[in-house]
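The structure under discussion appears below in the form of C-alpha coordinates.
The values are calculated or read from the model by the stated rules, or taken from the named source; none is laboratory data. Because the structure is predicted, anything quoted here is derived from the model rather than measured. Using ideal geometry, Cβ is built from the backbone for each residue, glycine included, and neighbour counts are taken over all protein chains shown.
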Amino acid sequence: MRIILLGPPGSGKGTQGDLIEEKYGFPKISSGDLLREAVSQGSELGKKAEDFMNRGELVSDELVVAMIKDRIAAQDCQAGFTLDGFPRTIPQAESLVAIDPASQEVVLDIQLTDKLIIERISARRICSLCGNIFNLRLKVPAAENLCDLCGGELIQRKDDTPEVISRRLRVYRELTLPLVRYYSEKRVYFPIKGESKVEDVFAQVEAVLEKNIPGLRITS
(Lines give C-alpha, C1' and ligand atoms only; values in the text may rest on other atoms or scores of the structure.)
Protein backbone atom coordinates (compact mmCIF):
# COMPACT_ATOMS: atom_id res chain seq x y z
CA MET A 1 0.00 0.00 0.00
CA ARG A 2 1.38 3.39 -1.01
CA ILE A 3 -0.22 6.56 0.38
CA ILE A 4 1.03 9.77 -1.22
CA LEU A 5 0.53 13.13 0.47
CA LEU A 6 0.46 16.11 -1.89
CA GLY A 7 0.17 19.74 -0.86
CA PRO A 8 2.32 22.87 -0.76
CA PRO A 9 4.91 23.51 1.98
CA GLY A 10 3.15 24.21 5.28
CA SER A 11 -0.09 22.45 4.33
CA GLY A 12 0.20 19.97 7.20
CA LYS A 13 1.32 16.91 5.26
CA GLY A 14 3.76 15.90 7.98
CA THR A 15 1.14 16.08 10.72
CA GLN A 16 -1.35 14.03 8.71
CA GLY A 17 1.36 11.51 7.87
CA ASP A 18 2.10 11.09 11.57
CA LEU A 19 -1.59 10.50 12.29
CA ILE A 20 -1.85 7.94 9.48
CA GLU A 21 1.17 6.10 10.88
CA GLU A 22 -0.25 6.17 14.41
CA LYS A 23 -3.67 4.83 13.42
CA TYR A 24 -2.91 2.48 10.53
CA GLY A 25 0.75 1.57 11.03
CA PHE A 26 2.07 2.80 7.67
CA PRO A 27 5.45 4.45 8.39
CA LYS A 28 5.72 8.05 7.27
CA ILE A 29 8.62 8.74 4.94
CA SER A 30 9.42 12.42 4.60
CA SER A 31 11.73 13.32 1.77
CA GLY A 32 12.49 16.56 3.62
CA ASP A 33 13.52 14.69 6.77
CA LEU A 34 15.72 12.33 4.74
CA LEU A 35 17.38 15.28 3.05
CA ARG A 36 17.90 17.23 6.28
CA GLU A 37 19.42 14.15 7.91
CA ALA A 38 21.86 13.87 5.03
CA VAL A 39 22.69 17.58 5.37
CA SER A 40 23.26 17.30 9.14
CA GLN A 41 25.55 14.32 8.61
CA GLY A 42 27.61 16.31 6.12
CA SER A 43 27.57 13.55 3.52
CA GLU A 44 28.33 14.26 -0.12
CA LEU A 45 24.63 13.83 -0.87
CA GLY A 46 23.79 16.23 1.95
CA LYS A 47 26.12 18.91 0.66
CA LYS A 48 24.58 18.75 -2.80
CA ALA A 49 21.05 18.81 -1.36
CA GLU A 50 21.79 21.77 0.93
CA ASP A 51 22.53 24.08 -2.00
CA PHE A 52 19.10 23.36 -3.51
CA MET A 53 17.23 23.66 -0.19
CA ASN A 54 18.77 26.99 0.81
CA ARG A 55 17.62 28.46 -2.51
CA GLY A 56 14.09 27.12 -2.02
CA GLU A 57 14.45 24.85 -5.05
CA LEU A 58 13.64 21.19 -5.51
CA VAL A 59 16.52 18.79 -4.99
CA SER A 60 17.39 16.82 -8.13
CA ASP A 61 15.35 13.69 -8.86
CA GLU A 62 18.46 11.51 -8.91
CA LEU A 63 19.33 12.38 -5.30
CA VAL A 64 15.83 12.06 -3.93
CA VAL A 65 14.87 8.85 -5.75
CA ALA A 66 17.99 7.07 -4.47
CA MET A 67 17.10 7.89 -0.86
CA ILE A 68 13.44 6.92 -1.27
CA LYS A 69 14.36 3.60 -2.89
CA ASP A 70 16.60 2.66 0.03
CA ARG A 71 14.00 3.65 2.62
CA ILE A 72 11.00 1.79 1.18
CA ALA A 73 13.09 -1.37 0.91
CA ALA A 74 13.19 -1.51 4.74
CA GLN A 75 11.22 -4.20 6.56
CA ASP A 76 8.79 -1.81 8.21
CA CYS A 77 7.54 -0.68 4.79
CA GLN A 78 6.58 -4.12 3.48
CA ALA A 79 2.86 -3.75 4.32
CA GLY A 80 2.71 -0.17 3.13
CA PHE A 81 4.02 3.33 3.73
CA THR A 82 3.10 7.00 3.50
CA LEU A 83 5.16 9.45 1.43
CA ASP A 84 5.37 13.08 2.52
CA GLY A 85 6.99 15.40 -0.01
CA PHE A 86 7.58 12.81 -2.73
CA PRO A 87 6.82 12.63 -5.59
CA ARG A 88 6.74 16.31 -6.55
CA THR A 89 6.99 15.91 -10.32
CA ILE A 90 5.67 13.48 -12.90
CA PRO A 91 9.17 12.06 -13.58
CA GLN A 92 9.47 11.36 -9.84
CA ALA A 93 6.04 9.71 -9.85
CA GLU A 94 7.09 7.51 -12.76
CA SER A 95 10.34 6.64 -10.96
CA LEU A 96 8.31 5.64 -7.90
CA VAL A 97 6.18 3.25 -9.95
CA ALA A 98 9.34 1.80 -11.48
CA ILE A 99 10.92 1.01 -8.09
CA ASP A 100 7.64 -0.07 -6.42
CA PRO A 101 5.33 -1.30 -9.20
CA ALA A 102 3.09 -3.63 -7.19
CA SER A 103 1.70 -1.25 -4.57
CA GLN A 104 -1.81 0.17 -4.70
CA GLU A 105 -1.84 3.99 -4.57
CA VAL A 106 -4.03 6.51 -2.76
CA VAL A 107 -3.13 10.17 -3.29
CA LEU A 108 -4.32 12.82 -0.81
CA ASP A 109 -3.91 16.48 -1.83
CA ILE A 110 -4.10 18.82 1.19
CA GLN A 111 -5.17 22.22 -0.12
CA LEU A 112 -5.01 25.73 1.38
CA THR A 113 -4.21 29.30 0.32
CA ASP A 114 -0.73 30.74 -0.26
CA LYS A 115 -1.44 33.51 2.28
CA LEU A 116 -2.10 31.02 5.07
CA ILE A 117 0.91 28.92 4.05
CA ILE A 118 3.27 31.90 4.32
CA GLU A 119 1.81 32.86 7.72
CA ARG A 120 2.21 29.31 9.04
CA ILE A 121 5.74 28.64 7.83
CA SER A 122 7.13 32.07 8.76
CA ALA A 123 6.10 31.36 12.36
CA ARG A 124 7.71 27.91 12.47
CA ARG A 125 10.68 27.34 14.78
CA ILE A 126 12.86 24.23 15.17
CA CYS A 127 14.80 23.13 18.26
CA SER A 128 18.51 23.26 17.42
CA LEU A 129 19.17 20.25 19.68
CA CYS A 130 16.31 17.75 19.41
CA GLY A 131 14.46 18.93 16.29
CA ASN A 132 11.11 19.47 18.03
CA ILE A 133 8.89 21.82 16.01
CA PHE A 134 7.01 24.84 17.39
CA ASN A 135 4.90 27.57 15.80
CA LEU A 136 4.69 31.10 17.15
CA ARG A 137 1.02 31.19 16.10
CA LEU A 138 -0.19 27.65 16.75
CA LYS A 139 2.25 25.88 19.13
CA VAL A 140 3.97 28.50 21.26
CA PRO A 141 6.86 27.37 23.52
CA ALA A 142 6.42 27.89 27.27
CA ALA A 143 9.66 29.89 27.44
CA GLU A 144 10.51 32.31 24.64
CA ASN A 145 12.88 30.80 22.05
CA LEU A 146 13.47 27.66 24.15
CA CYS A 147 12.34 24.09 23.49
CA ASP A 148 9.82 22.69 25.97
CA LEU A 149 11.37 19.22 25.76
CA CYS A 150 15.12 19.81 26.09
CA GLY A 151 15.64 23.54 26.61
CA GLY A 152 17.49 23.93 23.31
CA GLU A 153 17.46 27.18 21.36
CA LEU A 154 14.66 27.53 18.82
CA ILE A 155 15.79 28.64 15.37
CA GLN A 156 14.19 29.50 12.05
CA ARG A 157 15.32 27.35 9.16
CA LYS A 158 16.89 29.20 6.24
CA ASP A 159 14.10 27.98 3.96
CA ASP A 160 11.33 29.22 6.31
CA THR A 161 11.67 32.95 5.60
CA PRO A 162 8.83 34.64 3.62
CA GLU A 163 11.09 35.26 0.61
CA VAL A 164 12.19 31.63 0.33
CA ILE A 165 8.65 30.39 1.01
CA SER A 166 7.36 32.45 -1.91
CA ARG A 167 9.98 30.90 -4.20
CA ARG A 168 9.12 27.41 -2.92
CA LEU A 169 5.45 28.02 -3.69
CA ARG A 170 6.25 29.19 -7.22
CA VAL A 171 8.31 26.05 -7.77
CA TYR A 172 5.48 23.95 -6.37
CA ARG A 173 2.88 25.53 -8.67
CA GLU A 174 5.06 25.19 -11.73
CA LEU A 175 6.37 21.66 -11.24
CA THR A 176 4.08 19.79 -8.87
CA LEU A 177 0.54 20.71 -9.83
CA PRO A 178 0.69 18.63 -13.03
CA LEU A 179 0.63 15.65 -10.66
CA VAL A 180 -3.02 16.47 -9.97
CA ARG A 181 -3.91 15.69 -13.56
CA TYR A 182 -1.58 12.66 -13.62
CA TYR A 183 -3.14 11.06 -10.54
CA SER A 184 -6.65 12.15 -11.46
CA GLU A 185 -6.31 10.23 -14.72
CA LYS A 186 -5.26 7.19 -12.68
CA ARG A 187 -8.40 7.66 -10.51
CA VAL A 188 -6.42 7.62 -7.27
CA TYR A 189 -6.54 11.37 -6.49
CA PHE A 190 -8.54 12.83 -3.57
CA PRO A 191 -8.51 16.54 -2.58
CA ILE A 192 -8.56 17.32 1.16
CA LYS A 193 -9.59 20.71 2.61
CA GLY A 194 -6.57 21.71 4.70
CA GLU A 195 -7.65 24.95 6.36
CA SER A 196 -9.63 23.24 9.14
CA LYS A 197 -8.38 22.00 12.51
CA VAL A 198 -5.95 19.09 12.41
CA GLU A 199 -8.56 16.61 13.65
CA ASP A 200 -11.09 17.77 11.04
CA VAL A 201 -8.54 17.36 8.25
CA PHE A 202 -7.69 13.89 9.53
CA ALA A 203 -11.38 12.95 9.56
CA GLN A 204 -11.40 13.60 5.79
CA VAL A 205 -8.23 11.51 5.42
CA GLU A 206 -9.74 8.62 7.39
CA ALA A 207 -12.89 8.67 5.27
CA VAL A 208 -10.90 8.43 2.02
CA LEU A 209 -8.54 5.70 3.22
CA GLU A 210 -11.21 3.51 4.78
CA LYS A 211 -13.35 3.76 1.65
CA ASN A 212 -10.58 3.05 -0.85
CA ILE A 213 -8.25 0.56 0.84
CA PRO A 214 -9.85 -2.90 1.12
CA GLY A 215 -9.15 -4.64 4.42
CA LEU A 216 -7.47 -1.59 5.98
CA ARG A 217 -6.41 -2.44 9.54
CA ILE A 218 -6.45 0.00 12.45
CA THR A 219 -3.39 -0.56 14.64
CA SER A 220 -3.87 2.08 17.33
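Descriptive notes on the structure:
- Contacts under 6 angstrom Cβ, first residue in the range 114-127 being at negative phi, partner among the charged types (D, E, K, R) and surrounded by 16 or more Cβ atoms within 10 Å (Cβ to Cβ), 6 or more apart: Ile121/Asp160; Arg124/Asp160
- Among residues of the range 67-99, those that are surrounded by 17 or more Cβ atoms within 10 Å (Cβ to Cβ) and either closer than 18 Å to Glu57 by Cα or not aromatic (Phe, Trp, Tyr) (or both), counted: 18
- Checking each residue in the range 6-17 for being of a type in the set (S, T, N, Q) and either buried (at least 21 other Cβ atoms within 10 Å of the Cβ) or not in a helix (DSSP H, G or I) (or both) picks out Ser11, Gln16.
- All strands (runs of 3 or more DSSP E) inside the range 64-132 with 1 or more residues being among the basic types (Lys, Arg): 124-127
- Some residue of the range 51-72 being more than 22 Å from Arg167 (Cβ to Cβ), at pLDDT 85 or above and of a type outside the set (A, V, I, L, M): yes
- Some residue of the range 190-209 being of a type in the set (Val, Ile, Thr), more than 17 Å from Leu6 (Cα to Cα) and crowded, with 16+ Cβ neighbours inside 10 Å: no
- Any hit, the range 162-177, residues being buried (at least 17 other Cβ atoms within 10 Å of the Cβ), out of contact with any Cys (no Cβ under 9 Å at 6 or more places or on another chain) and of a type in the set (Ser, Thr, Tyr): yes
- Among residues of the range 48-57 being more than 14 Å from Asp33 (Cα to Cα) and of a type outside the set (S, T, N, Q), the one that is surrounded by the fewest Cβ atoms within 10 Å (Cβ to Cβ) is Asp51.
- Residue within the range 125-143 that is surrounded by 13 or more Cβ atoms within 10 Å (Cβ to Cβ), of a type in the set (D, E, K, R) and modelled with pLDDT of 90 or more present: yes
- Top-ranked residue of the range 165-189 - restricted to ones that are among the hydrophobic types (A, V, I, L, M, F, W, C) and farther than 16 Å from Lys115 by Cβ, ranked as farthest from the chain's Cα centre (by Cα): Val188
- The sole residue among Ile3, Ile20 that is outside any helix (DSSP H, G or I), under 24 Å from Gln111 (Cα atoms), touching a residue at least 24 places away in the same chain (Cβ under 8 Å) and not acidic (Asp, Glu) is Ile3.
- Hits in the range 133-153 (condition: assigned to a strand (DSSP E or B) and in contact with a helix residue (DSSP H, G or I) (Cβ under 9 Å, 6 or more places away or on another chain)): Ile133, Asn135
- Leu136 at negative phi, hydrophobic (A, V, I, L, M, F, W, C) and free of Cβ contacts under 8 Å to residues at least 24 places away in the same chain: yes
- Taking the range 34-63 as the range and being assigned to a helix (DSSP H, G or I) and under 27 Å from Tyr182 (Cα atoms) as the test, the residues that pass are Leu34, Leu35, Ala49, Phe52, Met53, Asp61, Glu62, Leu63.
- The lone exception for Thr113 - which of (1) among the hydroxyl-bearing types (Ser, Thr, Tyr); (2) at pLDDT 85 or above; (3) over 27 Å from Arg181 (Cα atoms) it fails: (3)
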